[in-house]
Amino acid sequence: MQFDHVAQQVPDIAAALEWWSGVVPGARVLYADETWGLLEAGGAKLAFVMADEHPNHLAFKVSGEELDRLAGVHRAAVRGHRDGSRSFYLDAPGGQGVEVIAYADVVDEGVE
């Protein structure tokens, strides 16, 4: 398991991506659609999400096999996403969200 990204709810995905791209030199957009965007900036990945699509959260990347195993351990439903990734969310203490995610193009890069 390895840390993947931080997600923040914003009212306008495009505006958030544009602002962060202009503020952090070298920032680049990795994915964008009308409901969420992913930006790499300053060595971190920041996801901007709509409130009705995703909660604020910290995300940890695992392989597909590990995702399925952990979902079973936590009795969590795995959901597929438009970018081909699959994930589930857990509620952490204090009302914080945690996403466990596996990307479609990652078979197993020693992520576990």
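Key figures
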item: Tally, over the range 67-86, of residues that are surrounded by 17 or more Cβ atoms within 10 Å (Cβ to Cβ) and touching an Asp or Glu at 6+ places or on another chain (Cβ under 7 Å); result: 0
item: Scan of the range 19-30 for residues that are open to solvent by 60 Å² or more (accessible area, probe 1.4 Å) and either under 11 Å from residue 9 (Cα atoms) or of a type outside the set (A, V, I, L, M) (or both), ordered by number; result: 19, 20, 22, 25, 26, 28
item: Qualifying strands (runs of 3 or more DSSP E) (wholly inside the range 24-110; at least 1 residues being under 17 Å from residue 1 (Cα atoms) and touching a residue at least 60 places away in the same chain (Cβ under 8 Å)); result: 57-61, 96-102
item: Leading residue by the ranking (modelled with the lowest pLDDT) among those in the range 31-44 that are open to solvent by 50 Å² or more (accessible area, probe 1.4 Å), within 13 Å of the chain's Cα centre (by Cα) and of a type outside the set (Phe, Trp, Tyr); result: 32
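The values are calculated or read from the model by the stated rules, or taken from the named source; none is laboratory data. Quick caveat: nothing in here was measured; it's all calculated off a predicted structure. Cβ: placed from backbone, ideal geometry, glycine included. Neighbour counts: every protein chain shown. Just so you know, the surface numbers come from the protein's heavy atoms only, side chains and all, with ligands and any DNA or RNA stripped out. Shrake-Rupley method; radii C 1.70, N 1.55, O 1.52, S 1.80 Å.
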